[in-house]
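**Q** Have a look at the structure that comes next, please.
Every number in this text was worked out from the coordinates using simple rules, so none of it is lab data. Only a predicted model underlies this, so the values are computations on that prediction, with no experimental measurement involved. Don't worry about glycine lacking a Cβ; one is built from the backbone with ideal geometry, like all the others, and counts go over all protein chains shown.
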């Protein structure tokens, strides 16, 4: 747990040095007044928490301050941490990690979001948990997608089932599920198309892939995880809404958390869409995909000691 907290805290350096770092400073040197509330609103929106989620957080914080009779800004810090934490859906334990039967996970997202590398890192993580993993290269619309995934499969040392560019993605999914069943694979990770000629075509293709998975195995897919680029801020929220409308998203993977000052977008994605964040990408290495810990995330944003060290080092 301590290792995970440090990894997430370190990945939040850019977000903490901007809006949340200034918020921590603000909460340490003033009284609670309207100007403070206005400043907090501006900082939360700057951090890409989003207008809707920011409004909910501050309305709840105002009510708590009034109920408790708080007057000092430093007393408000814990209230804000509690309300921000409440915006994050707590992920249920991944009980299928222990399942004796095949589990099929669809990975969806736009091209450039880090989908392919996230699949490889996820495969590595699952292997580290003692599970056997297979990849399905069902993104046949982008010419290099299959080749890229095959390279990553080699790095992760997991088998992969694919097809020629332009092949029917549904047939690849069907064949992959049957192959995984015959080889007694624990988890099949399915890469899907990230871009077609129109968003409508993309979403229809994803629906088709889901339907084919169900035909191959009645209870599949068991999970559908959406990969979002953490550096895109509120644009990621727009993408998430579109994917959720088209397919039954059950969780989110946020990539490039270490390279963004917009870490607040996690609150908006989780709260406004009611989706748990399953994993976050915190670096380039194969091991730099970690299960999301909401408590560690919020604590890392308000890590005053770490913030002080960063200022001194800079």
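**Q** Normalised by the empirical 2.2 N^0.38 Å for globular proteins, what value does the Cα Rg of the range 1-117 take?
**A** 1.38
**Q** Which one of 287, 238, 116 has the biggest mean-square fluctuation once the chain is modelled by GNM with Cα springs under 10 Å?
**A** Top of the fluctuation ranking is 238.
**Q** Right, another one. Please give the length that would be gained between residue 26 and residue 38 if that part of the chain were fully extended, namely 0.36 nm times their separation in residues minus their C-alpha to C-alpha distance (nm, one decimal).
**A** Length gained between residue 26 and residue 38: 3.2 nm.
**Q** Let me ask something else. Taking all pairs of different Cα atoms in the range 160-212, averaging 1/r and flipping that mean, what Kirkwood radius in angstroms comes out?
**A** Computed over Cα pairs of the range 160-212, the Kirkwood hydrodynamic radius comes out at 11.9 Å.
**Q** Given the range 168-314 reduced to its alpha-carbon atoms as identical point scatterers, what log10 I(q)/I(0) does the Debye formula return at q = 0.12, 0.14, 0.15, 0.20 Å⁻¹?
**A** With one equal scatterer per Cα and no solvent, log10 I(q)/I(0) is -0.60, -0.78, -0.87, -1.29.
**Q** Okay, moving on. If one takes the longest principal axis of the Cα atoms in the chain, at what angle in degrees, from 0 to 90 and to the nearest 10, does the Cα axis of helix 34-46 lie?
**A** 20 degrees
**Q** Given only helices, namely DSSP H runs of n ≥ 4 each adding -39500 (n - 2.57), what is the per-residue ellipticity at 222 nm of the chain, to the nearest 500 deg cm²/dmol?
**A** -16000 deg cm²/dmol
**Q** Now for a separate question. Between residue 219 and residue 17, how high is the FRET efficiency from 1/(1 + (r/R0)^6) when r is the Cβ-Cβ distance and R₀ = 35 Å? Nearest 0.05.
**A** 0.20
**Q** What nm distance separates the two modelled labels at residue 86 and residue 157, each placed 7 Å from Cα along Cα→Cβ?
**A** Distance between the two pseudo-spin positions: 4.8 nm.
**Q** Right, next: Helix 234-246: angle to the longest alpha-carbon principal axis of the chain, degrees 0 to 90, nearest 10?
**A** For 234-246 against the chain, the angle is about 40 degrees.
**Q** Does anyone have the angle between helix 73-86 and the longest principal axis of the chain? Alpha-carbon axes, 0 to 90°, nearest 10?
**A** On a 0 to 90 degree scale, this one is about 20.
**Q** To continue, here is another question. Round to the nearest 0.05 the FRET efficiency obtained for residue 55 and residue 150 when R0 = 51 Å and r is the Cβ-Cβ distance.
**A** Here the calculated transfer efficiency is 0.65.
**Q** Debye sum, Cα scatterers, the range 235-290, no solvent: what log₁₀ I/I(0) at q = 0.28 1/Å?
**A** -1.17
**Q** How many nm is it between the label spots at residue 295 and residue 111, if each spot is 7 Å from the Cα in line with the beta carbon?
**A** Between residue 295 and residue 111, the label points sit 4.3 nm apart.
**Q** So if R0 is 30 Å, what FRET efficiency would residue 72 and residue 273 give, r being the distance between their Cβ atoms, rounded to the nearest 0.05?
**A** 0.30
**Q** Multiply the residue gap between residue 178 and residue 238 by 0.36 nm, knock off their C-alpha separation, and tell me the result in nm, one decimal place.
**A** 18.1 nm
**Q** Rounded, prolate or oblate, given the Cα gyration tensor of the range 58-183, with a/c below 1.5 counting as rounded?
**A** prolate
**Q** A further question on this structure: Given a cut-off of under 8 Å on Cα pairs at least six residues apart, what relative contact order in percent is computed for the range 140-192?
**A** Relative contact order for the range 140-192 comes out at 32 percent.
**Q** Provide the packing ranking of 101-112, 168-179, i.e. peptides ordered by the mean count of other C-beta atoms within 10 Å per residue, highest first.
**A** Highest mean packing first, the order is 101-112, 168-179.
**Q** If the elastic network links every pair of Cα atoms under 10 Å, which of 99, 261, 213 fluctuates the most in the Gaussian network model of the chain?
**A** Comparing 99, 261, 213 in a Gaussian network model of the chain, the most mobile one is 99.
**Q** Mind jotting down the distance between the C-alpha centroids of the range 234-279 and the range 139-189, whole Å?
**A** 25 Å
**Q** Further, regarding this structure: Give me the percent of Cα-Cα pairs in the range 10-68 that sit more than 15 Å apart, rounded to a whole number.
**A** That tail contains 53 percent of the Cα-Cα pairs.
**Q** Can you tell me the relative contact order of the chain? Whole percent, Cα pairs under 8 Å, sequence separation 6 or more.
**A** Here the relative contact order equals 27 percent.
**Q** GNM, the chain, Cα, under 10 Å: largest mean-square fluctuation among 43, 68, 226?
**A** For the chain, modelled as a Gaussian network with Cα springs under 10 Å, the answer is 68.
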